[in-house]
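Below you'll find the structure, written out as structure tokens, and then a few comments.
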Amino acid sequence: MYSVKFKFQIKRDYKTKKEFFMRKIVEEFKNPGAAYRGKPFWAWNGKLEEDELRRQLRIMRDMGLGGAFMHSRVGLATEYLSKEWFNLVNACADECRKNKMEAWLYDEDRWPSGAAGGLVTKNPKYRMRMLKMTVSEAADYKAEGGELAVFAAKMQGNTLLSYREAKSAKKPDAEKGERILSFKIHIEENSPWYNGFTYLDTMSDEAVEQFIKITHDAYAKNCRKDFGKLIPGIFTDEPNYGHLSANKNTSKIPWTGKLLQSFKKHYGYDLTDKLPEVIFRLNDEEFSKARHDYFEACTHLFTNNFGKKIYKWCDKNKIAFTGHVLCEESLPVQTRVVGAATRFYEYMQAPGIDILCSQGLTREGSPAPEYLTAKQCSSALDQFGRKWMLSELYG
């Protein structure tokens, strides 16, 4: 049994410690360490020179910044991921060490993350795929060859009244009043943005493994000695599984080689049979199970093959996976390109968001902050016990 005197001593000790920690917090708030200070996306957009990079870091220090993200941008004249590149990354880490700053990595040449500036997607098997649907009148239909599925459908505007799979993809057995819906897998067109290649098939485990090999393993080989405190993490920028697009007669939806296999395993039926319902409303339906299951399947493949693989690599290499996915502004736009942002945050040591400026409008027509984006990410921190949440700001 404690004496009264001993109880008072415990209270005094607790009060003293509490006051000490409060003073420490207040002082740190007034003059925070590098971990709590802003760090710019440092545009590497010309011929990189070590002395100039070190000079710019010292300027950032004098401005009160806590470090920088070494970010390849348009105009880069030094070969990306070359020996010279990594020598300069290490020189910047050294300068950050001298100035008590943090040197953060960035996982891509420009953005979105995944193609390694085309170094991965110069191989066609790693390129993003889309499922293209073409609508045509029966008399105008011409098979291209290699169609995944062809349907005859009765339609009113953009609403399906009924549909059935055609017996022949080359010459569909269309009845009077039916239109032809043909589905074919296409590789995305090459683009100068990816140095003449394409974006990555982020739902493919093999494609993401190649991205990790070319990008993350190269950083580990050249910079591992500073992983942890000096190089706390690596930023991923706007990864996604593709965009839905539509015009009068064609539509595209995200696709990957193992989608049908994964879909059948998880949902017990063949997605091919229901493809028209993924794109069109059937009669007066308010909910489409096929469309829901399709997006759920895409979310699963993207989250597990891109997010989880890199998360596990970062965990193994003692470095934080951070950054943000594309189109976090609202739930509908998330569905179209990443499925659900919160599902991705589970596989980040330091989940992040992108609030470049106020977006969207209130009912009164004034700009509205993206409360949902921030709330989703902070909720993920609480659910998964993460310490850090990053935000891209001030764009």
Rh (Kirkwood, all Cα-Cα pairs) for the range 1-150, Å, reads 20.9
Taking a quarter of the surface of the convex hull around the Cα atoms of the chain, what do you get in nm²?
28.1
Report the far tail of the P(r) of the range 127-167, meaning the percent of Cα-Cα pairs longer than 15 Å.
50
Can you give me the angle between helix 371-384 and the longest principal axis of the chain, using Cα atoms only, in degrees from 0 to 90, rounded to the nearest 10?
70
What per residue convex hull volume, in Å³, comes out for the range 94-140 when only alpha-carbon positions are used?
124
Cα gyration tensor of the range 260-358 - equivalent ellipsoid semi-axes, whole Å, descending
30, 19, 7
Interatomic Cα distance distribution for the range 263-302, bins of 5 angstrom, percent:
5, 24, 34, 21, 11, 3, 0
Averaging the inverse of every distinct alpha carbon separation and then flipping it gives the Kirkwood radius. What is it for the range 104-250, in angstrom units?
18.1
State the percentage of accessible surface on the range 92-187 attributable to carbon and sulfur atoms; use a 1.4 Å probe and exclude ligands, DNA and RNA.
47
Between helix 4-30 and the chain: long-axis angle, C-alpha atoms, 0 to 90°, nearest 10
70
Relative contact order of the chain, defined on C-alpha pairs under 8 angstrom at six or more residues apart (%)
13
Sparsely packed trypsin sites (Lys or Arg not before Pro) within the range 16-80, loop by DSSP, other Cβ within 10 Å at most 14
Lys47
Compute the long axis of helix 50-62 from its Cα atoms, compare it with the longest principal axis of the Cα atoms of the chain, and write down the angle in degrees, 0 to 90, nearest 10.
70
Scoring the range 262-395 by relative contact order with C-alpha pairs under 8 Å, at least six apart, yields a percentage of 19
Nearest 500 deg cm²/dmol is fine: what mean residue ellipticity at 222 nm does the chain get from its DSSP H runs of n ≥ 4 alone, each adding -39,500 (n - 2.57), divided by its residue count?
-10000 deg cm²/dmol
Please list the three semi-axes, largest first and in whole Å, of the ellipsoid equivalent to the range 101-173, using sqrt of 5 times the eigenvalues of its alpha carbon gyration tensor.
43, 16, 9
Local charge sum around Glu328 (other residues, Cβ-Cβ under 13 Å, Lys/Arg +1, Asp/Glu -1)?
-3
Sorted by accessible area with a 1.4 angstrom probe, largest first, how do Val333, Val26 fall?
Val26, Val333
For the range 205-308, projected area of the alpha-carbon convex hull averaged over all directions, nm²
9.3
Rounded to a whole number of µm²/s, how large is the Stokes-Einstein D of the range 299-338 at 37 °C and 0.692 mPa s, given Rh as the Kirkwood radius over C-alpha pairs?
293
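The values are calculated or read from the model by the stated rules, or taken from the named source; none is laboratory data. All values reported here derive from a predicted model rather than from experimental measurement. For neighbour counting, all protein chains shown are included, and Cβ atoms are generated from backbone atoms with ideal geometry for every residue, glycine included. SASA here: full protein model, heavy atoms, side chains in, ligands and nucleic acids out. Shrake-Rupley method; radii C 1.70, N 1.55, O 1.52, S 1.80 Å.
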